[in-house]
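Below is one structure, written out as structure tokens; comments come after it.
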Amino acid sequence: MFKSLFKDSFIEVNKVEVFSGFPYLMTYIVRSMYHFIILPAAWSRIRLFTMAKLHSLQNRLDTFLILNPGEFVLFPAYGKHYFIESPPVCSIYIADRLKPLYLLPDDAELKNRKEKLAQVIEEVQGRGGYVFGDLSKGGRRATEAEFEALKGFQKDGIPVGLAKCSRCGFYQGTCLDPSPIFSGLVMKVYCRCENDNRCARCGQPLYQFKLNANYFKEADGNIWHVPGFSGLSHVCPDLMKEESSN
């Protein structure tokens, strides 16, 4: 296991290998993939909690505040935060993609912990492989009553259960997936107006559609899934201008 190469960078908590560069944020991207933001050790608990809460509210992704070897707090994408026994299992580490809400100091102590994480990330990326989102698109098997209520198509060929949003023109609702691959599965579909995944730094959408969710593409009549890592390509407008001017 690659973590054995970085014994000083990990501790074991309830049989879960935990990165030891406390404190930091872990943001859920897709299964086993988390985005890390190393936080200043000198920050007060109030400021650490505030940042974690605001990140979860803006990103609308489950956010974990890892305080120390014995304190871990989950800030759900929706709902109230609470302490947990151990952080989630992580096998794919990412950093410097989701921008922090607050400007972080560039001191030696913080830099040292970031370099430890960078070594882990480099090792993981060096192993290659592919990352997938939810291959089931979050679908579930329809009950008998749901199947009867949602089977078939409307006059315009749109699956029963979907309605066009008057604001953005995309469909929303719950339906049976029209694809034979996902036959009999109930799918939740979101329009563009329901995209609430925002960058904590600039407040702009992380992607054009809601992350780890589905949208209906009228052009091909299919339901498409948007994996969480789609939001990692976001660049804040002002940073984009800086890059284009260099």
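What follows draws every value from the coordinates through simple rules; no lab data is involved. A quick note: this is a predicted structure, and the numbers were derived from the prediction, not measured.
Brief remarks follow.
- Over the stretch 9-137, Cα pairs under 8 Å with separation of 6+ residues give a relative contact order of 26 percent.
- Restraint check, 137/241; 99/210; 155/188; 111/241; 7/53, Cα-Cα greater than 23 Å: 137/241; 111/241; 7/53
- Listed values for the stretch 89-102 are Karplus-derived 3J(HN,Hα) couplings in whole Hz (6.51 cos²θ - 1.76 cosθ + 1.60, θ = phi - 60°), namely 5, 10, 10, 10, 9, 9, 8, 6, 10, 8, 6, x, 5, 9, and x replaces Gly and Pro.
- Counting 0.36 nm for each residue step from residue 127 to residue 166 and taking away their Cα separation leaves a gain of 9.4 nm.
- Spherically averaged projected area of the stretch 1-116 from its Cα convex hull (nm²): 7.0
- Under-5 Å amide H pairs with residue 212, H placed in peptide plane, nonlocal only: 226, 228
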